[in-house]
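Visitor: Structure below; questions to follow.
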Amino acid sequence: MNALIVNLNLSVDKTALIPSFEPGRIFRIGSTITLPGGKGVNVARALRSLGLECPIAGFASGHNGQWITSSLGKEGFKTFIETHRAGESRVCYTVADAGGRTTDLNEEGPAVPASSQRAFLKNFSGLAPRFRAAAVCGRTSAGLKKGFYAALVRQAAAHGCFCVLDTSGPALAEAVAAGAAGVKINRYEFEELCGRRFSQTAVLEFFGRKAPLGLKTLIVTDGPDHAYAASPFGLWRVTPPRLRRLTSAVGAGDSFMAGFLFGFINGFDFERTLRLAAGAAASDCLSLGAGFIDRAQALDYASRAAVRKIK
């Protein structure tokens, strides 16, 4: 059994490299990378590069949704997508400059009808027993009823499926309260969730409060700076490998999640898993487009990441 990737708010992702980008000007873009996307799709792509094929579940709507579903199929991904007609799936734009800095313009996407929400949860309940893990990644879809994320978490737990979240806001808080087994977020999402400034002490204390609810792993990343990972066995500090260049950091967190899932599914110990996650994130930073990594490069960077148990 491998992992099911849940990307509820699927999108059309368009990425352009404009070396001298600045606001207030007109640019003629020679070419763009246009792909079906969303954080979960990025995770699935990175997992494929590492050697693990994982299906993708989510919502899609309108002509954009048809294109997303068709394009994922052409890429060879198995999908469990609940389609509806309440508007058009969102389009997300990323512009990267010569220094690796990015500007993102992300649409919200349409509200998901209640009937589609019920159908998705019913389908998820049937899928959960088939997978060792379910990764729920990305921005929540508009219109999801209170309790939707809690239902995902509880259905996964009922079937022994490790449910790990990479989202934010009320959806993340709801999932943690419902007993999410894993959380992988960045420092800003952690501060919003926790209500405290990001620090190793804050990470460890928050994990201690939420572990009785079911939380088994909490990982908080901070770009090129230290990440912290808490488990019932202690707290680890992860120092990412140094990069000599940067193309775009967009998607690095998604590749970190992919490395974590690959290690979890393959039974790696926690330290090796965290090294691989850091290596995959580093490899992603050298490509334009999220979720694109090179396996050999990721493994090389993993060997250069520093992972130390500090508590």
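Values in this text are rule-based calculations from the coordinates and carry no lab data. Just so you know, these numbers come straight off a predicted model, no measurement behind them. We place every Cβ from the backbone using ideal geometry, glycine too, and count neighbours over all the protein chains shown.
Visitor: Determine the dipole magnitude for the range 37-90: charges of +1 sit on the beta-carbon of Lys and Arg, -1 on that of Asp and Glu, nothing else is charged, the reference point is the Cα centre, and the result goes in debye to the nearest 20.
Guide: 80
Visitor: Also, I was wondering about something else. Which value, in debye to the nearest 20, describes the size of the charge dipole of the chain about its Cα centre when Lys and Arg Cβ atoms bear +1, Asp and Glu Cβ atoms bear -1, and nothing else is charged?
Guide: So the magnitude is around 540 debye.
Visitor: Amide H to amide H, which residues 5 or more places from ALA306 or on other chains are under 5 Å from it, using H placed in the peptide plane?
Guide: Here THR239 satisfy the definition.
Visitor: So, one more: Taking the Kirkwood radius as the inverse of the mean 1/r across Cα pairs, report the Rg/Rh of the range 56-164.
Guide: That ratio is 1.01, to two decimals.
Visitor: In what sequence do LEU274, LEU299 fall when counting other Cβ within 10 Å, fewest first?
Guide: If I rank by nearby Cβ atoms, fewest first, I get LEU299, LEU274.
Visitor: In what order do LYS78, LYS184 fall by count of nearby beta-carbon atoms within 10 Å, going from fewest to most?
Guide: LYS78, LYS184
Visitor: Which FRET efficiency value, to the nearest 0.05, is calculated for SER71 and ARG308 with the Förster distance at 41 angstrom and r the Cβ-Cβ distance?
Guide: 0.50
Visitor: Where does the chain land on Rg/Rh, using Cα atoms and the Kirkwood Rh?
Guide: For the chain, the value is 0.95.
Visitor: While we're looking at this one, here's another question. Pop a pseudo-label 7 angstrom from the Cα along the beta-carbon direction at both ALA86 and ALA177 and give the gap in nm to one decimal.
Guide: 2.2
Visitor: Just report the Cα centroid separation between the range 235-257 and the range 1-48, whole Å.
Guide: After rounding, the separation between the Cα centres reads 17 Å.
Visitor: I would also like to ask the following. Name the residue from ILE56, THR83, VAL95 whose Cα lies farthest towards the positive end of the charge dipole of the chain, charges +1 on Cβ of Lys and Arg and -1 on Cβ of Asp and Glu.
Guide: ILE56
Visitor: Using the beta-carbon distance between GLU191 and HIS63 and R0 = 41 Å, what value does 1/(1 + (r/R0)^6) give for FRET efficiency, to the nearest 0.05?
Guide: Plugging the Cβ-Cβ distance into 1/(1 + (r/R0)^6) gives 0.60.
Visitor: How high is the FRET efficiency between LYS146 and ILE26 when r is their beta carbon distance and R₀ equals 45 Å, given to the nearest 0.05?
Guide: That gives a FRET efficiency of 0.55.
Visitor: Okay, next question. Find the eigenvalues of the gyration tensor of the Cα atoms of the range 201-311, then list the square roots of 5 times those eigenvalues as equivalent ellipsoid semi-axes, largest first, in whole angstrom.
Guide: 24, 14, 13
Visitor: With an 8 Å Cα cut-off and a minimum separation of 6 or more residues, compute the relative contact order for the range 1-138 in percent.
Guide: Contact order relative to length: 35 percent.
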